[in-house]
1. Net charge around Ser32, counting only other residues with Cβ within less than 14 Å of its Cβ (Lys, Arg = +1; Asp, Glu = -1)?
2. Of all accessible surface on region 61-115 at a 1.4 Å probe, what whole percent is carbon and sulfur?
3. How big is the charge dipole of the chain about its Cα centre, in debye rounded to the nearest 20, if each Lys and Arg gets +1 on its Cβ and each Asp and Glu gets -1 on its Cβ?
4. How would Glu82, Glu106, Glu117, Glu13 rank on accessible area, largest to smallest, probe 1.4 Å?
5. Along the positive direction of the dipole of region 1-55 (beta-carbon charges: Lys, Arg +1; Asp, Glu -1; about the Cα centre), which of Gln24, Gly3, Ala46 reaches farthest?
6. On the full set of protein chains, 1.4 Å probe, figure out the accessible area of Ser77 and give it in Å² to the nearest 10.
7. Would you calculate, for the chain, the mean residue ellipticity at 222 nm contributed by helices, counting each DSSP H stretch of 4 or more residues as -39,500 (n - 2.57) and dividing by all residues, to the nearest 500?
8. So how long is each side of the chain along the principal axes, counting just the alpha-carbon atoms, biggest first, in Å?
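The values are calculated or read from the model by the stated rules, or taken from the named source; none is laboratory data. Predicted model only: the values in this text are computed from it and were never measured. Cβ atoms come from the backbone with ideal geometry, glycine included; neighbour counts cover every protein chain shown. Note: accessible area is taken over every heavy atom of the protein model, side chains too, but ligands, DNA and RNA are not part of it. Shrake-Rupley method; radii C 1.70, N 1.55, O 1.52, S 1.80 Å.
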Amino acid sequence: RHGVTIAIHNQVEGHPSGAIAASQLGDALALSPAFRLKLDIGNLTASDADAVSILRAHQARVSYVLVKDRLRHGGASQALGEGDTPIAAVLGVLKSSRSAIPALVEYDYAGLRSSAEEVAAAVGYMTRVVA
């Protein structure tokens, strides 16, 4: 009624807060055409979901993609390129997309450098894999 768009942020399957998991994304989007996704590909990977196929399935409803690297089976966040998240494949889908979907780095692991250096390294990694 007010033209407000809501971006749903997916969490890991079985998240204790009852947050929306990968298996519930379609149902959540069906509630309103104003709902979009803030697609967290690290959380999809930790849920053992296929981030690339989920992105392709919901591409028209994705506001932006949160890029972080996680291990499968509920695993922890890692520096980009050290986990199981298919970052290069996801960025390839975004690069070839007709619509401009932004990709944002989410830095949430215990890094060995300053936050600014970790984010710069993550952006450098993303730039290399897209080239």
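1. Details: positive: Arg1, Arg36, Arg61; negative: Asp27.
Residues close to Ser32 contribute a combined charge of +2.
2. Values: 1510 of 2950 Å².
In region 61-115, the share of accessible area belonging to carbon and sulfur is 51 percent.
3. Values: 12 positive and 12 negative charges, 117 e Å.
About 560 debye.
4. Working: Glu82 125, Glu106 45, Glu117 100, Glu13 75 Å².
Largest accessible area first, the residues go Glu82, Glu117, Glu13, Glu106.
5. Gly3
6. 30
7. Details: 5 runs with 46 residues, N = 131.
Counting only the DSSP helices, I get -10000 deg cm²/dmol.
8. 46, 35, 26
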